[in-house]
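S.K.: This is the structure, below, for whatever I ask next.
The values are calculated or read from the model by the stated rules, or taken from the named source; none is laboratory data. Note that this is a predicted model, so its numbers are computed, not measured. Backbone-built Cβ (ideal geometry, glycine too); neighbour counts: all protein chains shown.
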Amino acid sequence: MAKEKAPESTRERLDSLKGESVAGDTPVGPAGDAKAAERIKKAANASQRSLATKKKVIGEDAESPKGPVGLDIGTTHIVLAQNKPNYIETIQDLNAFFTVPSAKFAEQILDQKEVMYYERDNEYYIFGYSAESFANMFHGNTRRPMREGFLSPDEEEGLSVIKAIVNGLIQKPKKFGETLCFIIPGEPLDGTGSVIYHESVIKGFLGSLGYSPLSINEGMAVVVSELPEDDFTGIGISMGGGMCNVCLSYLSFPVITYSIQMAGDYIDTMVATAVGEPATKIKVIKEEELDLTREPKDRVTTALNIFYDELIFKLLESLQRVLSSTDKIPKIKTAIPIVLSGGTAIPKGCRERFEKMLKNVSLPVEISTVRLAEDLLNAPAKGALTMAMTEAE
Ligand SMILES: Nc1ncnc2c1ncn2[C@@H]1O[C@H](COP(=O)(O)OP(=O)(O)OP(=O)(O)O)[C@@H](O)[C@H]1O
Ligand SMILES: [Mg+2]
């Protein structure tokens, strides 16, 4: 494949990524090696625990956590991870809302049905999985507090909705100042969105709840969750709803992190436009039926295949572009793994397609395998919890 000349703005962004790290650590070098060994030991202990996952049950009370917490506030889902005596528990809710005009009569019904909502300016804001049920009942679409990985500039109430969803998952900690590690996106390569703004606003909210918040890059969280046996050396990729996040980690240090603002939502929108159907309908077909190992059977699955290919192509192209134009990559003697996670990596055949298309790009590091995370939707939250447990020790 021909190497593309990166536009100036991209080059500048690539330069600014150099040395970016999760908690301000020195990247690599002799001092870094000793520090890395310590981090690896601690993180490996924390991450080799089994995972039990559940969806938020509407009406169920939020817990007051006893111990460190991992939190992944994503464009589609919000996932909370907690350390239980013998396993890691994750609970997820939908990062969405739906509004209906408020009325005393409706309030009784909402309370009876234990729907999650709050009232503002004569409207009920119904949030989480409840929002999806209401949107279906009213033949409408849910709205999203986030777009392409960041707080949505179009939704004034976005942060309030996120606060309400998080409050539905956790209460204030039992111990004031408990460590909470939350996911932040990588700087977008060619797009828009401010990581600093997003991170600061969420940090402020979590701090006001009584936590000591610290952030971790989403791709790095995937590495922490999935690569303990590789000494946390490899490339973690989260293919989510709003974006794909990438991190090249060397001995637990995030050497390169970035994102592209294309993922599941992009596929839904592009297919919807191509076949003239609503994106919500395409999303349901994609999640329930798509199998990338089979020949497409109709217009929708044909378009889904085309846009999956396009997404994987753009992701690999960005990887080649970023890795080839940085001098930050350490001399890694052995081949390193790539681990894929996120909801968009779920369809059967996604890993194989990624692996096949990887053969067409040339990277300055050798890749040993392309693996899938053990739990695709919950890997970043598990990585965030592992980091919180490691930092809290
Ligand atoms: N079974 C499935 N098949 C295909 N896609 C799926 C499936 N389940 C979920 N998805 C897609 O995964 C995406 C959501 O993934 P995920 O929860 O990892 O994203 P997120 O973390 O909320 O978003 P981001 O990281 O981009 O901010 C959505 O586009 C959704 O349609
Ligand atoms: Mg995500």
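S.K.: Which numbered condition trips up residue 353, out of (1) in a helix (DSSP H, G or I); (2) away from ligand 1 (no atom under 16 Å from the Cβ); (3) out of contact with any strand residue (DSSP E or B) (no Cβ under 7 Å at 6 or more places or on another chain); (4) modelled with pLDDT of 95 or more?
M.R.: It is condition (2) that residue 353 fails.
S.K.: Working only within the stretch 126-148, note down all residues that are within 16 Å of ligand 2 (Cβ to nearest atom) and either without any contact (Cβ under 8 Å) to a residue 60 or more places away in the chain or over 18 Å from residue 92 (Cβ atoms) (or both).
M.R.: 145, 147, 148, listed by residue number.
S.K.: Let me ask something additional. Collect the residues in the stretch 335-360 that are touching a Ser or Thr at 6+ places or on another chain (Cβ under 8 Å) and more than 16 Å from ligand 2 (Cβ to nearest atom), keeping them in residue-number order.
M.R.: 335, 336, 337, 338, 348, 349, 352 - these are the residues of the stretch 335-360 that are touching a Ser or Thr at 6+ places or on another chain (Cβ under 8 Å) and more than 16 Å from ligand 2 (Cβ to nearest atom).
S.K.: Within the stretch 235-252, which residues are crowded, with 24+ Cβ neighbours inside 10 Å and over 23 Å from residue 347 (Cα atoms)?
M.R.: 248, 249, 250, 252
S.K.: Any residue at all in the stretch 307-321 that is small (Gly, Ala, Ser), more than 9 Å from ligand 1 (Cβ to nearest atom) and on the phi > 0 side of the Ramachandran plot?
M.R.: no
S.K.: Could you tell me how many of the residues in the stretch 227-249 are touching an Asp or Glu at 6+ places or on another chain (Cβ under 9 Å) and more than 16 Å from ligand 1 (Cβ to nearest atom)?
M.R.: Residues flagged as touching an Asp or Glu at 6+ places or on another chain (Cβ under 9 Å) and more than 16 Å from ligand 1 (Cβ to nearest atom) within the stretch 227-249 amount to 1.
S.K.: Starting from residues that are within 15 Å of the chain's Cα centre (by Cα) and in a loop (DSSP other than H, G, I, E, B), keep the ones in the stretch 375-393 and report whichever is nearest to residue 173 (Cα to Cα).
M.R.: 378
S.K.: What's the number of the only condition in (1) within 15 Å of residue 385 (Cβ to Cβ); (2) touching a residue at least 12 places away in the same chain (Cβ under 8 Å) that residue 85 fails to meet?
M.R.: If we test residue 85 against (1) within 15 Å of residue 385 (Cβ to Cβ); (2) touching a residue at least 12 places away in the same chain (Cβ under 8 Å), just (2) comes out false.
S.K.: Give 62, 81, 106, 52 a once-over and let me know the one that is modelled with pLDDT under 85 and under 25 Å from residue 199 (Cβ atoms).
M.R.: 62 is the lone residue from the list that is modelled with pLDDT under 85 and under 25 Å from residue 199 (Cβ atoms).
S.K.: Name the residue that is nearest to residue 389 (Cα to Cα), counting only residues in the stretch 188-226 that are within 12 Å of ligand 1 (Cβ to nearest atom) and surrounded by 24 or more Cβ atoms within 10 Å (Cβ to Cβ).
M.R.: For the stretch 188-226, the residue satisfying everything is 221.
S.K.: Output the number of the condition that residue 263 fails; it satisfies all remaining conditions of (1) touching a Cys at 6+ places or on another chain (Cβ under 6 Å); (2) more than 16 Å from ligand 2 (Cβ to nearest atom).
M.R.: (2)
S.K.: Given the condition touching a strand residue (DSSP E or B) at 6+ places or on another chain (Cβ under 9 Å), within 14 Å of ligand 2 (Cβ to nearest atom) and among the aliphatic types (A, V, I, L, M), answer yes or no: does some residue in the stretch 238-245 qualify?
M.R.: For the stretch 238-245, residues touching a strand residue (DSSP E or B) at 6+ places or on another chain (Cβ under 9 Å), within 14 Å of ligand 2 (Cβ to nearest atom) and among the aliphatic types (A, V, I, L, M): present.
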